Amino acid sequence: QVQLAESGGGLVEAGGSLLLTCAVSGSTFSDNELGWYRQAPGQQRELVASISSGYRRAYAETVKGRFTISRLNGLNTVYLQMNTLKPEDTAIYYCNRIPNYDFWGQGTQVTVSS
């Protein structure tokens, strides 16, 4: 059974940084394309960053140049380094496979104050 466990969120001032971590268990981690998604209040969940099994990365335009996704297959972990945070980055952040599983972890709350 696959489990997704996100951590590392918090409250930060605009311009600050956070490192999110997602531990994935129960899957063939290294074979999967993985992504970080976020959902702001009243908004649909959106994909903000992805990393393929071959380490090809892609980003939403809203985070390009500020966020960096990485993975450590040996630890079954995917990371999201978020720099120069903006209030509009406030959301619950989730990791999942691409295409996503039909379930989600608990997510981690990121709040950026202005």
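Scan segment 74-89 for residues that are more than 13 Å from the chain's Cα centre (by Cα) and either open to solvent by less than 40 Å² (accessible area, probe 1.4 Å) or on the phi > 0 side of the Ramachandran plot (or both) and the total you get is 3.
In summary, Gly35 fulfils each of the numbered conditions (1) within 20 Å of Gly8 (Cα to Cα); (2) surrounded by fewer than 21 Cβ atoms within 10 Å (Cβ to Cβ); (3) out of contact with any helix residue (DSSP H, G or I) (no Cβ under 9 Å at 6 or more places or on another chain) with the single exception of condition (2).
Looking only at segment 40-54, decide whether some residue is assigned to a loop (DSSP other than H, G, I, E, B) and of a type in the set (Lys, Arg). For segment 40-54, residues assigned to a loop (DSSP other than H, G, I, E, B) and of a type in the set (Lys, Arg): present. Among the numbered criteria (1) modelled with pLDDT under 95; (2) surrounded by fewer than 17 Cβ atoms within 10 Å (Cβ to Cβ); (3) within 20 Å of Trp104 (Cα to Cα), which single criterion is violated by Gln43? Among (1) modelled with pLDDT under 95; (2) surrounded by fewer than 17 Cβ atoms within 10 Å (Cβ to Cβ); (3) within 20 Å of Trp104 (Cα to Cα), the lone unmet condition for Gln43 is (1).
Residue count for segment 1-18, restricted to those that are part of a strand (DSSP E or B) and either small (Gly, Ala, Ser) or more than 14 Å from Trp104 (Cα to Cα) (or both): 7.
Picking from residues in segment 93-114 that are among the hydroxyl-bearing types (Ser, Thr, Tyr) and either open to solvent by 70 Å² or more (accessible area, probe 1.4 Å) or part of a loop (DSSP other than H, G, I, E, B) (or both), the one that is farthest from Thr21 (Cα to Cα) is Ser114.
The values are calculated or read from the model by the stated rules, or taken from the named source; none is laboratory data. Keep in mind that what you see is a predicted model, and the values were worked out from it rather than measured. For neighbour counting, all protein chains shown are included, and Cβ atoms are generated from backbone atoms with ideal geometry for every residue, glycine included. All accessible areas refer to the heavy atoms of the entire protein, side chains included, with ligands and DNA or RNA removed. Shrake-Rupley method; radii C 1.70, N 1.55, O 1.52, S 1.80 Å.
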